[in-house]
Amino acid sequence: MLREIHLSSFKCFDALDLPLGPLTLLTGVNGGGKSSVMQALVLLSQTFGYQEWGCSLLLEGPELSLGNVADVLNQNSARRSLELGITTDEQMVKWSFKAEDRRALSIELEAVEVDGAQIPLEAATRWLMPPLYADSSPVVAALRHLSWITAERTGPRELLPLRVADGHARVGHHGEMAAGLLYWRGEDEVHSALCLPDTPPTLFHQVRAHMQRFFPGCDLRVSPIDGVSAISLRLRSDSRSDFQRPQNVGFGLTQLFPIIVSVLAARDGDVLLIENPEVHLHPRAQQAIGMLLAETAARGVQVIVESHSDHVLNGIRLAVKQKKLLAPDVCVHFFSHRPEQGAVPESPSMDDDGRLDSCPEGSFDQCDFALAELM
C-alpha cells in the first residue's frame with residue numbers, strides 16, 4: 001500500500017510530503033495541486049507499463065500527456081531537476097530526474113534512492129531501477145497495480161473496444177475498456193464485502209445490482225460485434241422499457257458504469273485513482289459513491305479520489321460512522337491556492353463518528369455563504 005508521496009520541484013510543488021491511506025480524498029480549489037498529485041503517480045505507472053526498460057520518465061504517453069520538461073518543472077524554481085518518491089509499508093524509493101533539454105518529452109533518470117541510500121545505476125534499468133532491485137521492490141509492485149480513471153470519461157458510445165482478455169485487466173483511463181472487462185470477467189467472483197444480498201456473487205450480476213442501487217430500474221447488456229473488435233453496451237433506465245443505445249439514456253449511467261466495474265473487479269493490493277466520481281450524478285448518488293469507495297478501501301483495495309463534492313465527502317464520513325471503514329484509514333487533504341504559502345494542503349483528521357477536527361477556509365462552505373446571504 002502507498003503510504004506517502006514525495007514531490008520536489010514538480011509542477012506547482014516546490015516540495016511536498018503527502019500521507020496516503022487506504023482511502024485518500026484530495027479536494028480543494030481549482031488549480032490547487034490535486035491533479036498534480038494524481039499525475040505524479042500516473043507518470044510513474046505509465047512509464048513502468050510502456051517503457052519497462054529505459055532510464056527516463058515518460059511525459060508524453062498513451063494515458064497521460066503533460067507536454068515537455070518545461071511543463072512539469074516547478075515554475076518558481078531555478079532547478080533543472082525534479083524528484084518523485086513513494087513510500088509503502090516496506091520501502092521508500094525516491095527518483096531524481098535531470099533535464100538536459102527543457103523541450104524534451106521525457107526527463108532522464110539521474111539517481112535512485114532506496115530507504116535513504118543511493119544505489120548505483122547500471123547500464124540496464126528496469127522500471128527506473130537496477131533490475132536486481134526492481135524485481136523485488138514493493139513500490140514498483142504497487143505502482144504496476146495502479147489503475148486511473150480520469151474525469152474525462154468516455155461518454156455514450158454505440159461501440160466500445162474489445163481486446164484479448166489480458167487487454168482488459170483494467171477499465172482504461174477513460175473507462176473505455178469497462179464493457180470489455182465485464183464481458184471477459186463477468187463470471188469472476190466479487191469480494192464478499194462488496195456483494196449485495198440476494199444477487200449472485202459474480203461480477204456481471206453484482207455490477208447490474210450496484211447500478212440499480214444508483215439508478216432504480218436500470219439494466220445493462222454487453223454483446224460482442226461479429227467481425228469487429230468491438231463490443232456494444234446497451235442500457236435501459238426502466239425495467240419496463242427496451243434496451244437502448246447509451247446515447248438515449250442519462251449521462252450519469254455511462255459515467256458511473258466504469259467506476260462500478262473498476263471497484264468490483266479490483267483485486268487485493270490494487271491502487272485505484274478516480275477523478276471526480278460525482279460527474280453527472282444526483283447528490284444522493286454522489287453520497288452513495290462516497291460510501292462505496294469507502295467500502296472498497298476497507299476490503300483491501302487502496303483508493304485515491306479527487307473530488308469537489310461535499311456529498312462524496314459526506315458519504316465517506318457516513319461510512320466511518322457506520323463502522324464500514326476505520327477513521328485512521330481515511331486521509332483528507334484540502335488544497336488551497338495561497339501564493340505566500342505555496343501549494344501546501346491542509347489535512348484535517350476524522351474521528352470515529354466521521355467528524356473532521358477542522359474546516360479549512362473554502363472547504364465545502366459555499367452553501368453556508370449563499371444561505372447566509374439569502375436569509
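Side notes on the structure shown:
- Estimated FRET transfer efficiency when R0 is 35 angstrom, pair Ser65-Gln322 (beta carbons, to 0.05): 0.30
- The charge dipole of the range 251-369, taken about its Cα centre with unit charges on the Cβ of Lys, Arg, Asp and Glu (plus for the first two, minus for the last two), comes to roughly 480 debye.
- Taking all Cα pairs closer than 8 Å and separated by 6 or more residues, the relative contact order of the chain comes to 18 percent.
- Amide hydrogen neighbours beyond the local backbone of Leu272, cut-off 5 Å, H modeled: Ser147, Gln302, Val303, Ile304
- For the range 289-294, backbone phi angles converted through the Karplus equation (6.51, -1.76, 1.60; θ = phi - 60°) give residue-by-residue couplings of 6, x, 5, 5, 5, 5 Hz, Gly and Pro being listed as x.
- Of all accessible heavy-atom area on the chain, the percent that carbon and sulfur account for (1.4 Å): 49 percent
- Extension reserve of the Glu176-Ser239 stretch, reckoned as 0.36 nm per residue once the Cα distance is removed: 20.2 nm
- Sites Cys367 and Leu159 - FRET efficiency at Förster radius 41 Å, r taken between beta-carbons, to 0.05: 0.50
- Separation of the range 23-59 from the range 182-240 is 30 Å, based on Cα centroids.
- Between Gln212 and Asn30, the modelled label-to-label distance comes to 3.9 nm, taking each label 7 Å out from Cα in the direction of the beta carbon.
- Spacing of the modelled spin labels on Asp188 and Ala104, each 7 Å from Cα toward Cβ, amounts to 3.7 nm.
- Multiplying the residue separation of Phe251 and Arg79 by 0.36 nm and removing their Cα-Cα distance gives an extension gain of 57.5 nm.
- A 1.4 Å probe run over the range 231-331, with the rest of the protein chains in place, finds 37 Å² accessible per residue.
- Taking a straight line from the alpha carbon of Lys98, these aspartates and glutamates sit under 16 Å away, with near neighbours fewer than eight places off in the same chain left out: Asp14, Asp71, Glu83, Glu108, Glu110, Glu113.
- Ordering Leu256, Val332, Leu292 by Cα displacement along the dipole of the chain toward the positive end leaves Leu256 in first place; charges were set at the Cβ atoms of Lys, Arg (+1) and Asp, Glu (-1).
- Extension gain, Arg267 back to Leu121 (0.36 nm per residue minus Cα-Cα distance, nm): 49.3 nm
- Between Leu196 and Asp351, the FRET efficiency from the beta-carbon distance, with R0 = 25 Å, is close to 0.30.
The values are calculated or read from the model by the stated rules, or taken from the named source; none is laboratory data. None of the values given here were measured: they were computed from a predicted structure. Don't worry about glycine lacking a Cβ; one is built from the backbone with ideal geometry, like all the others, and counts go over all protein chains shown. Heads up: the accessible areas ignore ligands, DNA and RNA and are worked out on the full protein's heavy atoms, side chains in. Shrake-Rupley method; radii C 1.70, N 1.55, O 1.52, S 1.80 Å.
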